[in-house]
Structures are given as C-alpha cells and as structure tokens.
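Report on one structure; see the data block that follows.
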Amino acid sequence: MKVELNGVSKWYGNLVAVNDVSMVLEPGVTGLLGPNGAGKTTVLHMMAGFLAPSRGRVLLDGEPTWRNPPVYAKLGLVSEREAVHGFLTAWQFVLASAKLHKLPQPEAAARRALELVEMTDAQDRRIETYSKGMRQRTRVAAALVHDPAVLLLDEPFNGMDPRQRMHMMRLLHDMGANGRTVLFSSHILEEVEQVSGTVQVIVAGRLAASGDYRGIRRLMTNRPHVFTIRSTDDRRLAVALVNEASVAGVDIDPALGLTVRASDYGTFTRALPKIALTTGVRVEQLLPTDESLESVFSYLVAA
C-alpha cells in the first residue's frame, strides 16, 4: 500500500512547520530522519489523518487521509506523546482498541497483538506499573491490533532496553519484508541504519534527501569521499594514487593503511584497479569510511 505526499505544507500562523514536501512510501521500512523540530511529527500526523495539510495532498492508495474514516482502518499510528490510561491493564487497553475498530474477534486480535510485542506475561498488570519501554510496546500492540497495511511510528524505541529494541527492530523489519508500509521517525541514527537503508531526511521543514542513504552519499559530489585501503605495498600505491585526478589527498598510517580522499566516487573506484595492476600492488581491502547514515545526516544538516 502506497502513501503519497504531494507538495504538502503545514503552517500555524506565521510558523511554517512543513514546507512543500513530496514523497512516496512503498511497502517496506523507511526511516524518517531529522533534528528535533524539523517537522517529522507533523508529517506523521498528516499521514495518519490527524492534521489537515495547509497546502498539498496526503493520499493513501489515492484516497485522502484527512477526514476519511475508512482510510483509518488501514493505518496504525504510535505517536511520540503517550496517551495511555494508567489504570487500565495492557489487555484492557489493546482489547479496547480492537473493539473500537469493530473487529469480528477482538479478543483473538488483542491476544495476537500482545504476543507480537512480547507483552503477554505482563498483560494483566496496570499500565501505570510498567516501565517506559513496556508502555511503548503496549502502544505498538494497540496500533497493530487491526492488522494495518500502513504503520506509522514516532520515536518507537524510546525507553526500551537493548533486548526490547532488538526485538522491535526485527518486528519492524519482518513487517516490511511481508509487504507492510512502515515509516518510523528517529533522531538516533543507529536505529535507522539497523532497520532500514531507505531514508527520508527532513531539515527545517523541507525534504533534504530521499532514498538509499549510501546512494544519497555518492550523489554528494561537492563532498570528498573517504576510503581506507590495505594493500601489499601501501607506499607504492600511495605514490601512484597521488597522480590520479580524482584523488584529493592520501595519508599513510602503518596501523590503518591508506586513507584516501576522492573527489568522485565512481571515477576513483574505476581507476583504483587499473592503478593497482600497473604498480603491481594487490589491494587487500577497500572500505568507504563515510557512507554511514551519520555521515549522510551530518552533511545534509550542515548544508
């Protein structure tokens, strides 16, 4: 199921929260990245039909999400702000969500959702006795109880311990692999990098980049690409690389090997095998060192 934003803006008086954002979400897992205050939560709430765009359209399989109740049956939302009654148990809370969706077998649906997030052992305790991570998993269960095709999560890993985080990451990955459209926001780059290679980056209310983050990095032609190289003769290879037009600099470290700054990713990676062959040096390892999501994000925010 596809979610589309077409030229979407949202403003509050003179404050522009989201400015002319267009994106398409296909089945799979996508990470929504951006600094605090960038507009991530506003985008998620417009996708979920909680907010009307000031301009543009938000569509779920061609249908608007705003004031369109039939669409809500296909959507699940976990907002960043907790809105859970502490006097309820997890079972009561998730069962209430199933009944609100008018599911034919609400008890079975609630049981299945709680099992997915590993909350069955504590389901009869009141939510006010839970840790933050347990409350978060309960809210995820309520969002999943009606088996939505699209799942939207705002900072879903908040408060979870490492084991809970890994379980939730696997759950999101599996849902994406099984055809669900999953979008989750995070300001922790490691979370996005482990769950999804596809990102939407929002900076100051605008879409700064979209797609595979490694591909985004390689399109940043105004930024040098950094590689580490290990070879059978680092010094000889370094001398030859200095004369390559795509190489902006070479450093030698006896422990780490060569650090090469290349002005053009494609030109350098094509030239390296020829240079190694000409010099009689065997390249044993070639690693791009600045293709992490953190590197991409820092470049985009600083741009």
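No value in this document is a laboratory result; all are computed from the given coordinates. Remember, it's a predicted structure, so these values are computed and weren't measured experimentally. Quick reminder, even Gly has a Cβ in these numbers, built from the backbone with ideal geometry, and neighbours come from all protein chains shown.
Summary of values
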| item | result |
| --- | --- |
| Estimated 222 nm signal from helices in the chain, with DSSP H stretches of n ≥ 4 weighted -39500 (n - 2.57), rounded to 500 | -11000 deg cm²/dmol |
| Centre separation in Å (Cα based) which lies between segment 1-69 and segment 243-260 | 44 Å |
| Residues with amide H under 5 Å from that of ILE202, placed H, sequence gap 5 or more | LEU33, GLY34, ALA208 |
| On Cα atoms only, tilt of 293-302 relative to the major axis of the chain in degrees | 90 degrees |
| Total formal charge among the other residues, if their Cβ is under 13 angstrom from that of LEU116, Lys/Arg +1 and Asp/Glu -1 | +2 |
| Whole-Hz ³J(HN,Hα) from phi, Karplus 6.51 cos²θ - 1.76 cosθ + 1.60, for segment 119-134, glycine and proline x | 10, 5, 5, 10, 5, 9, 8, 5, 4, 5, 8, 7, 6, 4, x, 5 |
| Size of the chain as Cα extents on the principal axes (Å, biggest first) | 72, 45, 30 |
| Using a Förster distance of 41 Å, the FRET efficiency for ASP121-ASN36 (Cβ separation, nearest 0.05) | 0.75 |
| Where the Cα pairs of segment 1-61 fall when distances are cut into 5 Å bins, in % | 4, 18, 31, 27, 14, 4, 1, 0 |
| Extended-chain gain in nm, criterion 0.36 nm per residue less alpha-carbon gap, GLU128 and ALA83 | 15.0 nm |
| Acute angle (nearest 10 degrees) that the helix 106-116 long axis makes with the longest principal axis of the chain, alpha-carbon atoms | 30 degrees |
